[in-house]
Amino acid sequence: MQSHTGWREVPCVECGAFVEGIAFVQRCAACQERRTARAARIARWAALAGTLVMAAWVYSRGPASSLMQWTAVAALPLTYVLIRSIALRVAMEVLP
Ligand SMILES: [Zn+2]
């Protein structure tokens, strides 16, 4: 039986292995998993660096009030999550 693309097996665009169930210019499951893991690693480091920069900025400014200090501290995990999700998306688009 042919796949939805009309071909039984199509070569993976990255490793060249013939795989059933993918379309042309798509990656096999192993290549896609490896690419996703690499993008996640890059996103994790970018988020850590961005969060450290923000923490240094918050620390250098000094607390104007207790509420502002706690707000800044609460914003740090949010910064990490936002930068990580944006960096993951960008890395998945940019990585070869
Ligand atoms: Zn592959």
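All of the numbers you see were taken from the coordinates with simple rules; none came from a lab. As the structure is a prediction and not an experimental result, all values here were calculated from the model. Neighbour counts are summed over all protein chains in view; Cβ atoms, including those assigned to glycine, are modelled from backbone coordinates with ideal geometry.
Need one number: convex hull volume per residue for the chain, Cα atoms only, in Å³.
97
With θ set to phi - 60°, apply the Karplus curve 6.51 cos²θ - 1.76 cosθ + 1.60 along segment 78-84 and write out the HN-Hα couplings as whole Hz, x wherever there is a Gly or Pro.
Once θ is set to phi - 60°, the couplings for segment 78-84 become 5, 4, 4, 5, 5, 5, 5 Hz.
Given the -39500 (n - 2.57) contribution per DSSP H run of 4+ residues, what per-residue ellipticity at 222 nm results for the chain, rounded to the nearest 500 deg cm²/dmol?
Rounded to the nearest 500, it is -23500 deg cm²/dmol.
Quote the charge dipole size of the chain about the Cα centre in Debye, to the nearest 20; the model charges only the Cβ of Lys and Arg (+1) and of Asp and Glu (-1).
The calculated dipole for the chain is roughly 280 debye.
Glu33: net charge of surrounding residues, Cβ under 15 Å, Lys/Arg +1, Asp/Glu -1, itself excluded?
Net charge around Glu33: +4.
Given H placed 1.01 Å from N in the peptide plane, which residues other than close sequence neighbours of Val19 have an amide H under 5 Å from its amide H?
Val10, Cys12
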